[in-house]
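Have a look at the structure below before the remarks.
The numbers here are math on the coordinates, done by the rules we state, and not lab data. None of these values were measured; they are calculated from a predicted model. Cβ sites come from the backbone with ideal geometry, for glycine too, and all protein chains shown count toward neighbours.
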Amino acid sequence: MEIHIGVNPREAALAALAILDRELRPAAAERGTAGWAISGGRTPELVYRQLGSASMRSWPVWPALELFWADERAVPPDHADSNYRLARESFLEAAPLDATRVHRMRGEAADLDAEARRYEGELGAWAGVTPGGAEAPALDAVLLGLGPDGHTASLFPESPALAARGRWVAAAPGPPPHPRRLTLTLETLNAARAVLFLVTGREKADAVRRVLAADEAARALPAAWVRPASGRLYWVLDEAAATGLDARTASEQGR
């Protein structure tokens, strides 16, 4: 595990983008495809805005990138709370990424269980594995956030989706105003080659501390269960989100 601490949210976002580039660029060059799952929320928006800048138009990852989502609310793609809409407005409209390689979770689907199965099929088709089989798709990178309650993606404390086995995507409950969601499961997150948590703000500091403590109490927090089996785990924080870390944990910075 590596912990990186930036002075402010912008510095943390730039550090996160550098790590994502480090993970995705070799996959694009060596295999000709790079699977990346992104999250919603205001914290990663700084990363997305940078991706949408003119300086990133020549990013060598674009021709190989297959873009997936870690989760989505049960809303149409033009809804203000849509994770897809956030990505579209912040970087997809400017990025040289073919629409056929943008794999949107259809939050507006009437049957979210059926949509979860359909999305598993898209993941499997990209990764060359069969849904329901022993092998989960190995995304090259997953960008996650963290809620003050310890949730990540749309895996909330005590969610039945936490216990999903043999599933890569699940319909899951969430708090109002969006009690219906779609989310990648722990099985999929932990099969990734790299998982990066990007967390900013003092209101997240206690959740960061509790998750990284990795003790018995942390087991109640969904984010604490994200431990890639053979991949790399990164935590990128701003100073405010890192205020609860003890000296030992903070010393992991950059390792």
Take each of the peptides 223-230, 93-100, average the number of other beta-carbon atoms within 10 Å over its residues, and list them starting from the highest. 223-230, 93-100
Quote to one decimal, in nm, the extra length available between Asp21 and Ala163 on full extension: 0.36 nm per residue of separation minus the C-alpha distance between them. 47.9 nm
Residue by residue through the range 175-188, which ³J(HN,Hα) values in whole Hz follow from phi under the Karplus form 6.51 cos²θ - 1.76 cosθ + 1.60 (θ = phi - 60°), with glycine and proline marked x? x, x, x, 10, x, 10, 9, 10, 8, 5, 8, 4, 4, 6
Over the range 59-140, what is the relative contact order in whole percent, taking alpha-carbon pairs under 8 Å and six or more residues apart? 27
In percent, what relative contact order does the chain have, based on Cα pairs under 8 Å that are 6 or more apart in sequence? 25
Pull up all non-local amide H partners of Ala172: gap of 5 or more, or a different chain, and H-to-H distance under 5 Å with H placed in the peptide plane. Arg181, Leu182, Thr183
Environment charge at Val195 (Cβ cut-off 15 Å; Lys +1, Arg +1, Asp -1, Glu -1): -1
How long is the range 138-255 along each principal axis, judged by its Cα atoms, biggest number first, in Å? 38, 33, 24
In order over the range 235-242: 3J(HN,Hα) from phi, Karplus 6.51/-1.76/1.60, θ = phi - 60°, whole Hz, x for each Gly or Pro, gives 10, 10, 10, 8, 4, 5, 6, 8
Lys, Arg +1 and Asp, Glu -1 on Cβ, resulting dipole of the range 113-186 about Cα centre, debye, nearest 20: 160
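Using just the Cα positions, wrap the chain in a convex hull and report its mean projected area in square nanometres, one decimal place. Show your work: numbers first, answer last.
Details: hull surface 50.5 nm².
Reported value for the Cα convex hull: 12.6 nm².
Calculate the FRET efficiency for Asp215 and Asp81 from the Cβ-Cβ distance with a Förster distance of 22 Å, rounded to the nearest 0.05.
Details: r = 34 Å, r/R0 = 1.54.
The formula returns an efficiency of 0.05 here.
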Which percent, nearest 5, of DSSP beta bridges in the chain are antiparallel? 30
The size of the Cβ-based charge dipole (Lys, Arg +1; Asp, Glu -1) of the range 103-255 about the Cα centre, to the nearest 20 debye, is 160
For the chain, what is the calculated [θ] at 222 nm in deg cm²/dmol (nearest 500), taking -39500 (n - 2.57) for each run of four or more DSSP H residues and dividing by its residue count? -7500 deg cm²/dmol
